[in-house]
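A short write-up of the structure that comes next.
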Amino acid sequence: MTGFLTAGIIRTALEVGLIYSLVALSLFISYSILNICDLSTDGCYTLGCAVGAIVTIAGHPFLAIPAAMLAGICSGYVTALLQTKFGVESILAGIIVNTGLYTVNLAVMGFSSNVSIFGTDTIFSIFKNLNSSGFWKDWCSLILLTAIVVTVCFLIKWFLGTTLGLSIRATGDSPAMVRASSINPLFTITVGLCCSNALTGLAGCLIGQYNKTCDINLGTGMVTIALASLVIGETLMGKGRMMFRILGMVVGSCFYRFIISIALRLNVPTEAFKLVSAVIVAIAIAAPRAKQLIAFKHKQMQAFQERKNMRGDKADA
């Protein structure tokens, strides 16, 4: 495996996987916690990248991060507004916002389909220049992204343990119960979607500075990637303690990127990557059920064998 996947490929897979894990964490909040299917992820991811790229080009790479997260919050607020105030179904609200964000993203990018950040300082280049050693230059991006993701994970764990966070978790379990407890579920849904989309905007900003470019179609299929990471993470780490569930999103995202890296090494055409993603999601979703069916079949065979042995004993008697 070491010869098949070189250190550079493994490092790149981990770096991109950590960025994608932020989107998986976003989907974790909206889909797993709030039980809301937010399909605005694709457009919000591109929005974060576009806003981050423009602010970075203006000479403020660090300011680009909160700017992209604020843009994500605005996207989440509009999605929540359509659901809570106007009664639009969550799937339709996400589709509407995602469609509208296409034009918004073009406007942010100066009605250009792509924006280049080459020649401009990014948080990665600034962090890289802190040390001149070869090891640091190779691994600094991974160290920086690990620090960001670990910080985000602990912040999510802390937030979901607060009174507001527990209310958001309760809203996903039973909105009626939350309403009976004098908590406004419309408010908790809005806060949850704003937090969720802030993480998506952060991921978009980081991928823009990482690749030093932003494209209008960058976010296409991001929901599928995030869903694959989420399902893989929940399959590997289970649905136990909250911190394990959160870390599962990071593990699932990195594992997904390793699968894509292997596909690249096997010369799978890029046109087939969507199919690969769909197969990964299908396998990850079906794996727990397949495990249950196999266990059930095994018990059936055992019971059948026991009955057969009992009949044999009676016949002998």
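Return the only residue of Val268, Val276, Val281, Val231 being outside any helix (DSSP H, G or I) and at pLDDT below 90. Lay out the reasoning, then the answer.
On the way: Val276 fails: outside any helix (DSSP H, G or I); Val281 fails: outside any helix (DSSP H, G or I); Val231 fails: outside any helix (DSSP H, G or I).
So the residue among Val268, Val276, Val281, Val231 that is outside any helix (DSSP H, G or I) and at pLDDT below 90 is Val268.
Within segment 85-108, can one find any residue that is hydroxyl-bearing (Ser, Thr, Tyr) and without any contact (Cβ under 8 Å) to a residue 24 or more places away in the chain? Steps first, answer last, please.
Within segment 85-108, the subset hydroxyl-bearing (Ser, Thr, Tyr) is 90, 99, 102-103.
Add one more test, that the residue is without any contact (Cβ under 8 Å) to a residue 24 or more places away in the chain, and what stays is 103.
Yes, segment 85-108 contains at least one residue that is hydroxyl-bearing (Ser, Thr, Tyr) and without any contact (Cβ under 8 Å) to a residue 24 or more places away in the chain.
Only one of the listed residues (Gly48, Gly100) is buried (at least 21 other Cβ atoms within 10 Å of the Cβ), part of a helix (DSSP H, G or I) and not hydrophobic (A, V, I, L, M, F, W, C). That residue is Gly48. Which ones in segment 249-287 are open to solvent by less than 60 Å² (accessible area, probe 1.4 Å) and farther than 19 Å from Ala226 by Cα? Val268, the sole residue that qualifies. Just checking, does segment 110-123 include any residue being under 30 Å from Gly248 (Cα atoms), of a type in the set (D, E, K, R), assigned by TED's automatic domain parsing to the domain that holds Thr84 and not in a strand (DSSP E or B)? So far as segment 110-123 goes, no, none of its residues is under 30 Å from Gly248 (Cα atoms), of a type in the set (D, E, K, R), assigned by TED's automatic domain parsing to the domain that holds Thr84 and not in a strand (DSSP E or B). Quick check: anything in segment 73-83 surrounded by fewer than 20 Cβ atoms within 10 Å (Cβ to Cβ), touching a residue at least 40 places away in the same chain (Cβ under 8 Å) and more than 24 Å from the chain's Cα centre (by Cα)? No, segment 73-83 contains no residue that is surrounded by fewer than 20 Cβ atoms within 10 Å (Cβ to Cβ), touching a residue at least 40 places away in the same chain (Cβ under 8 Å) and more than 24 Å from the chain's Cα centre (by Cα).
The single residue among Phe296, Phe255, Phe244, Phe304 that is assigned to a helix (DSSP H, G or I), in contact with a Gly (Cβ under 9 Å, 6 or more places away or on another chain) and farther than 25 Å from Gly221 by Cα turns out to be Phe244.
Collect the residues in segment 124-140 that are hydroxyl-bearing (Ser, Thr, Tyr) and outside any helix (DSSP H, G or I), keeping them in residue-number order. Give the derivation first.
To start, the set of residues in segment 124-140 that are hydroxyl-bearing (Ser, Thr, Tyr) comprises 125, 132-133.
Residues satisfying the conditions are Ser132, Ser133.
Residues are listed down the side, and each one gets a yes or a no for (1) more than 21 Å from Ser32 (Cα to Cα); (2) of a type in the set (Phe, Trp, Tyr); (3) in a helix (DSSP H, G or I):
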{"residue": "Leu142", "(1), (2), (3)": "yes, no, yes"}
{"residue": "Leu145", "(1), (2), (3)": "yes, no, yes"}
{"residue": "Ile148", "(1), (2), (3)": "yes, no, yes"}
{"residue": "Arg169", "(1), (2), (3)": "no, no, yes"}
{"residue": "Ser182", "(1), (2), (3)": "yes, no, no"}
{"residue": "Phe187", "(1), (2), (3)": "no, yes, yes"}
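Of the residues screened, Ile95 is not one that is within 27 Å of Ala7 (Cα to Cα) and either aliphatic (A, V, I, L, M) or not assigned by TED's automatic domain parsing to the domain that holds Asn217 (or both).
Can you go through Ala176, Ala203 and tell me which one is touching a Leu at 6+ places or on another chain (Cβ under 6 Å) and either closer than 24 Å to Ser30 by Cβ or free of Cβ contacts under 8 Å to residues at least 24 places away in the same chain (or both)?
Sole residue among the options that is touching a Leu at 6+ places or on another chain (Cβ under 6 Å) and either closer than 24 Å to Ser30 by Cβ or free of Cβ contacts under 8 Å to residues at least 24 places away in the same chain (or both): Ala203.
The values are calculated or read from the model by the stated rules, or taken from the named source; none is laboratory data. Fair warning: this is a prediction, and the values are worked out from it, not measured in the lab. No Cβ is skipped: glycine too gets one built from the backbone with ideal geometry, and neighbour counts run over all protein chains shown. Side chains are part of the model used for accessible areas, which takes the heavy atoms of the whole protein and leaves out ligands, DNA and RNA. Shrake-Rupley method; radii C 1.70, N 1.55, O 1.52, S 1.80 Å.
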